[in-house]
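Accompanying notes for the structure given below.
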Amino acid sequence: MVQKVLVGSGNIQDPSASTSTTDQSYRQFEDQDNDPEYESRCARSCCHPAGMCHRFIALFFMCFLGFGSYFCYDNPAALMDYFSKDLNLSTTQYSLLYSLYSWPNVVLCFIGGFLIDRVFGIGLGTNLYMLITLIGQVVFSMGVMFDIFWVMVLGRFVFGIGCESLAVAQNNYAVLWFKGKELNMVFGLQLSFARVGSAVNFWVMESIYKWVNQYYKGAECLGIVIFIATSTCVASMLCSLILGCLNKRADRILRRSENTPGEVVRLGDITTFPSTFWLISVICVAYYIAIFPFIAIGKKFFIEKFHLEPPAANYVCSIVYLISAVASPVLGLLIDKTGKNVLYVLFSIMATIAAHLILILCDLNPYYGMVLMGLSYSTLASSLWPLVALIIPEYQLGTAYGICQAVQNLGLAVALILSGLIVDQGGYFWVEMFFTASLSVALITTLSVWILDNSRGGVLNMTPGQRDRNADELLINNDSDKPDGTTGPSDFDPNDSLMPSSDFHIRNRYLSRIGAVLPSNYSITAKGLTYRALR
């Protein structure tokens, strides 16, 4: 008897009918990919994109993708005295070089993430944003060399547009290559390389200036130094191109376009983002307010309260970055093995509150508070950012990370102004109370995420073993309607358990298992109807 099933507006053909050659080859590939022996061979291979070695080769280029932008971002800070001496910049003009970086990205990094999802794709988008970053740094270097302030400002503006969108692309690449595997460790390692870039800038730029100053003087000398720093952006551009080639090859071999939904992101999709995503965005901005603005004003704080010499105060301020460069990959790997991301976020915020209270209320050596803050910051960064990938569908991740970056930029831009005003009006005690209050908001929001997630199954705070068991339970429940009553994990993707399954999703998976051919605009993994781009 011929059985026909109606889904939406498309008729599903007879399940016993033969499938197309493309469907057969895809299923053959899917069976290979689910075979443990096959995966083991891939893991030992440097050539197959599914192999661990190959993925970590891609990770190498992902990490150095952002090295140049982080190195060049703080070039003015590392050479602040020379910007004042050689270019006669006032404090207001110098501050403008940083404020023009942050304010546009309140909006532009969100747009950059949306364009990755909707228009460019991750490969072209990353290359484009890296090119914009490089152009901005070159324009800034020319403005410095010829001592033209408006050209410097223009260069920093363009540089900022590229940098923040590049960070969104970097997050997308991490999720694409490592989702469900070593994602927390990967985010930690990317953070580590970013902080190494910032630290290396402070270590080498003054020495480079002194060397160049033997042959050139004034603005010309400073411009050449900035041009030398631009070489790091050129290296990152090369990494972007190589990573794009690796990703294109992986798309072809792994058939990602066949293995993922054909959905296209729309601006209206942000209204469908779950409440936990918006709470995570609040945690992001509330926590980072207590880190980066504090480091920005920390030098004078340590000089006044602890009577440190300026070089020692600078070193104390850098402890957070130095610790995160070493600890972030290790802590990320720990979180990969243990899970419980929300719990790590909660402990990180509590420890950061303790660090601020130690610094302002106790006369202990400031190293204690800063070491604790560095460890807490590394733990939070390695556990918070991967949560977005557990909540938002992959085709919307660029938009989601763009929103997080936009909210963070807005919060930091406002907090830097407020912290300066508070210090001027009330001193460092009250600015520390401001940071503690912001962390308290992050703490309460994290508890809200925990409660809300538990009411929905507690996926965000599961251990890896619990996620596997949850995946098997979902499979058993989904397969309970099979005609032959068989169940098994062979055709189940564990990552599916990270996202709620709608009736539409479950029905399509069931129809696929019994051999029914779905219409071209349907997908096994789709949570709803597929959007089609208007060309």
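Summary of values
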item: Linear extension gain, ARG249 paired with LYS337, 0.36 nm per residue minus alpha-carbon span; result: 28.7 nm
item: Average Cα contact separation per residue, region 270-420, under 8 Å, 6 or more apart, as relative contact order %; result: 37 percent
item: Sum of side-chain charges, THR276 neighbourhood, beta-carbon under 9 Å (Lys, Arg +1; Asp, Glu -1); result: 0
item: Separation in nanometres of the label points that stand 7 Å from Cα toward Cβ, at MET350 and GLN93; result: 5.1 nm
item: In sequence order, calculated HN-Hα J values of region 435-441 (Karplus, 6.51, -1.76, 1.60; Hz; x Gly/Pro); result: 5, 5, 5, 4, 5, 5, 4
item: Added length on full extension, which subtracts the Cα-Cα distance from 0.36 nm per residue, TRP430 to TYR315; result: 39.0 nm
item: Net charge, ASN75 excluded, C-beta distance under 12 Å - Lys, Arg +1, Asp, Glu -1; result: -1
item: FRET efficiency, PHE149 to SER448 (Cβ-Cβ, R0 45 Å, nearest 0.05); result: 0.45
item: Rg(Cα) / (2.2 N^0.38 Å) computed for region 344-413, rounded to two decimals; result: 1.39
item: Charge context of LYS85, other residues only, Cβ under 15 angstrom, K/R +1, D/E -1; result: -3
item: Distance between modelled label sites at LYS305 and LEU241, nm, 7 Å Cα→Cβ extension; result: 4.9 nm
item: Pairs from LYS210/LYS300; LYS300/LYS340; LYS305/LYS340; LYS300/LYS337 whose Cα-Cα separation, in the structure shown, is over 32 Å; result: LYS300/LYS340; LYS305/LYS340; LYS300/LYS337
item: Linear extension gain, ILE417 paired with ALA296, 0.36 nm per residue minus alpha-carbon span; result: 42.4 nm
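Every read-out reported here was derived from the displayed coordinates using simple, explicitly stated rules and does not represent laboratory data. Being a predicted model, the structure only gives us computed values, none of them experimental. For neighbour counting, all protein chains shown are included, and Cβ atoms are generated from backbone atoms with ideal geometry for every residue, glycine included.
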